[in-house]
1. Given the criterion touching a helix residue (DSSP H, G or I) at 6+ places or on another chain (Cβ under 7 Å) and either in a loop (DSSP other than H, G, I, E, B) or without any contact (Cβ under 8 Å) to a residue 24 or more places away in the chain (or both), identify the matching residue among 304, 289.
2. Closer than 14 Å to residue 254 by Cα and touching a helix residue (DSSP H, G or I) at 6+ places or on another chain (Cβ under 9 Å), is that true of residue 220?
3. Could you go through the stretch 116-134 and let me know if any residue there is farther than 11 Å from residue 7 by Cβ, exposed (fewer than 14 other Cβ atoms within 10 Å of the Cβ) and in contact (Cβ under 8 Å) with a residue 12 or more places away in the chain.
4. Do we have any residue at all in the stretch 266-275 that's in the same structural domain as residue 194 (by TED's automatic domain parsing), surrounded by fewer than 20 Cβ atoms within 10 Å (Cβ to Cβ), out of contact with any helix residue (DSSP H, G or I) (no Cβ under 7 Å at 6 or more places or on another chain) and under 23 Å from residue 303 (Cα atoms)?
5. Limited to the stretch 169-207, what total is found for residues that are farther than 17 Å from residue 290 by Cα and either outside any helix (DSSP H, G or I) or touching a residue at least 24 places away in the same chain (Cβ under 8 Å) (or both)?
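The values are calculated or read from the model by the stated rules, or taken from the named source; none is laboratory data. All values reported here derive from a predicted model rather than from experimental measurement. As a convention, Cβ positions derive from the backbone with ideal geometry for all residues, glycine included, and neighbour counts pool all protein chains shown.
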């Protein structure tokens, strides 16, 4: 596997924006774009490629699945899009059939790689990709709640008038309606959220926390309602994940990863803090949760399990 080579399957809004973002990152020397519409992939490769003179050298081109044979990271964004008012889980049956074709095409040329799933519903489709690919579970993971966690940091930082990069917080569980804000683990540069709110004279009430959680959870729906799709935020989230892989940073990110036998979510993929490096997901971590948050996480797990049980692969 070459970690300096990335493949992106799907050149819609999300895939193309990820390609553009990664082109600027300097992480890769080669990028392959694949789409069922070859002209679309070629057009995006040309358009993005014209900016290389302003960034740095990278070979970016529209290719075929055989061109992925030595790619270290393959990012899947392909699938049918989310419609206004439609939940991410509503997408599952339509997208599973798409994934059956994609994974079969990948397997024809790739023995193993780091497979990063971005298509929604991401937790379900990451599980599907793992089952169909036969790759090690550490090598198959999804974007999970990395973007949701960033949205939470943004919202907390905005309300408390502090740099979001100083906010350490997680959204865990499903990337969707049953996601959980892990308030018990929120700190701002070592200061608990309650103490920081006290010092800032900001009301740290249950209602305020619910407002923030709802704002984060519903932000994607609001964006879709206003502009039909979300793509900038997720592109930056994918770039962050790729940085941790290529540089072997071992950063802790809330990717959608396989949960072990000691977890309440054993055997499924779900967004949880995990150590991410050159070998993929090195370890899924457990964080401090109160009783209510634990119950909410269990509800998220059960929501995903009920969908998985209905999938025929």
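1. 289
2. Considered against the rule, which asks whether it is closer than 14 Å to residue 254 by Cα and touching a helix residue (DSSP H, G or I) at 6+ places or on another chain (Cβ under 9 Å), residue 220 comes out as no.
3. yes
4. yes
5. 14
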